[in-house]
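Written below as structure tokens is the structure these notes are about.
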Amino acid sequence: MENNLSLIILRFSNAKIFGVFLSIAMIFILVVSNVSAADFEVQKITSDIYVVIRHEPPSLWFNPNTTFIIGKKDVIVIDSNINSNYTREVLAELKKLTDKPVRYVINTHWHEDHIIGNHVYKDAFPNVEFIGHRSTLKDLPEIGGANRKGSIENGAGFVKALKKAIETNKDFEGQPMTEEEKLGYASDIKLVQSYLDEAPNFQIILPTILVDNKLELNDGKRKIEILFLGRAHTGGDLVVRLPKENIVISGDMTVYPIPLVGSTSYPLEYGATLENLRKLKAKTIIPSHGNVMHDDSYIRLMIRLLNSIKTQCEASFQKGETLEQMRKSVNLDEFKKIFAGDSQHKRFIFENYVFLPATAAAFKQLTEIKNKNSNK
Ligand SMILES: [Zn+2]
């Protein structure tokens, strides 16, 4: 049941309260004009590095920022979008900046919101190469495939539940809706609809260039390091580092304002991987969701959160507790307050993207370690 839910909402989370909403199918018509320029802004980082910052409010579904690195002869793009129309809009913005072709698309990880628009680049630039972590070859078809099936099957019911919440002015916890929740749910409806509209024609593109630990490129203007710093948000998060400009593009490893730990994460390693990210000492950090950061304070806060999750989950597991018991033992209220404040909506996101999936993923990791040790 809970597993079923996780497929519905976001493909990364574990929210148990949604099951009841998901039975009735609806037909959606994507109004392309919904995808308007106000959904994003293009920020200039240097004379030839730009980031498309998404304006969708923090909520339950996601659409990532895109980074353009313009080289001497060609362009590197980091991450595509959750739907091809969004990606076409992003590509149109790139074309306003340069007529150089896209040579590489780097997918920071295999989550669908980062890869569905890949084929837009392939269609426009037949020689483009797609760079991803080696684990993508397995995880995208297997875990991603299962998640995709769930999202497609349950997406219509999820949209219906979101619409009903807005109509009845009751959020998923039965509370009167705040303005922030209404905006968030409305954004979710748009994103899920755009996803479902394209679903029959999804063209999933796997990486053509694989990274294990490090790959270095040179675009004639700068060195580009593509790094795997350890497992964190997924088993194959890539970070892109530009040493000359001291910029790091950190993918979903750092999501603002609420971290996206998610059910396909590795909470026992996440904190250490973030520590590796921090050690890069970047002056500019570009997350996949949220604004550009100029210091490491958010990374340090996330490290504290992830280390606390690890320590508390390990202590619970050592006592022989079940996942249900673990969720009673582990207390993240301090962090919920820091990240979400008094916002009803952000607290809900924290519960469903941090607390529930992080405990489940930590429990899974701890069980695997225990089984491995007992088989020795
Ligand atoms: Zn992700």
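Each value in this text was obtained by applying a stated rule to the coordinates, not by laboratory testing. This one's a predicted model, so the numbers in the text were calculated from it and none came from an experiment. Here Cβ is always computed from backbone atoms with ideal geometry, including for glycine, and neighbour counts include all displayed protein chains.
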| query | Roughly what % antiparallel, to the nearest 5, for the DSSP beta bridges in the chain? | reply | 65 percent
| field | Farthest positive-ward along the chain dipole, Cα basis, beta-carbon charges - from Thr273, Leu306, Tyr86 | value | Thr273
| Toward the positive end of the charge dipole of the range 322-376, about the Cα centre and with charges on Cβ (Lys, Arg +1; Asp, Glu -1), which of Ile369, Met326, Phe350 goes farthest? | Ile369
| message | Take Lys281 and Lys244, extend 7 Å from each Cα along the Cα→Cβ direction, and tell me the distance between the two endpoints in nm. | response | 2.1 nm
| note | To the nearest 20 debye, the range 78-197 has a Cα-centred charge dipole, built from +1 on Lys and Arg Cβ and -1 on Asp and Glu Cβ, of 360 debye
| How big is the convex hull of the Cα atoms of the range 198-323, per residue, in Å³? | 152 Å³
| message | At R0 = 22 Å, how high is the FRET efficiency between His294 and Val42 if r is their beta carbon distance? Nearest 0.05 is fine. | response | 0.75
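Output the direction-averaged projected area (hull surface divided by four) of the convex hull of the alpha-carbon atoms of the range 304-376, in nm².
Averaged projected hull area, Cα only: 4.8 nm².
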| query | So, counting K/R as plus one and D/E as minus one, what does the shell of residues with Cβ under 11 Å around Lys170 add up to? | reply | -3
| said: Can you compute the FRET efficiency between Ser374 and Leu206 using 1/(1 + (r/R0)^6), with r the Cβ-Cβ distance and R0 = 30 Å? Round to the nearest 0.05. | reply: 0.30
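Which number do you get for Rg(Cα) / (2.2 N^0.38 Å) in the chain?
For the chain, the normalised Cα radius of gyration is 0.95.
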| When the C-alpha atoms of the range 129-192 are aligned to their principal axes, what extent does each axis show, in angstrom, from largest down? | 45, 22, 19
| task | Determine the dipole magnitude for the chain: charges of +1 sit on the beta-carbon of Lys and Arg, -1 on that of Asp and Glu, nothing else is charged, the reference point is the Cα centre, and the result goes in debye to the nearest 20. | result | 840 debye
| note | In nanometres, the difference between 0.36 nm per residue of separation and the alpha-carbon distance of Lys182 and Glu314 is 43.8 nm
| Distance-filtered residues of the range 108-142 - backbone nitrogen under 11 Å, label point 7 angstrom along Arg88 Cα→Cβ | 120
| query | With charges set only on the Cβ (+1 for Lys and Arg, -1 for Asp and Glu), what does the dipole of the range 41-87 come to about its Cα centre, in debye to the nearest 20? | reply | 140 debye
| Once the dipole of the range 88-227 is set up with Lys and Arg at +1 and Asp and Glu at -1 on Cβ about the Cα centre, which of Thr178, Asn147, Leu162 lies farthest towards its positive end? | Asn147
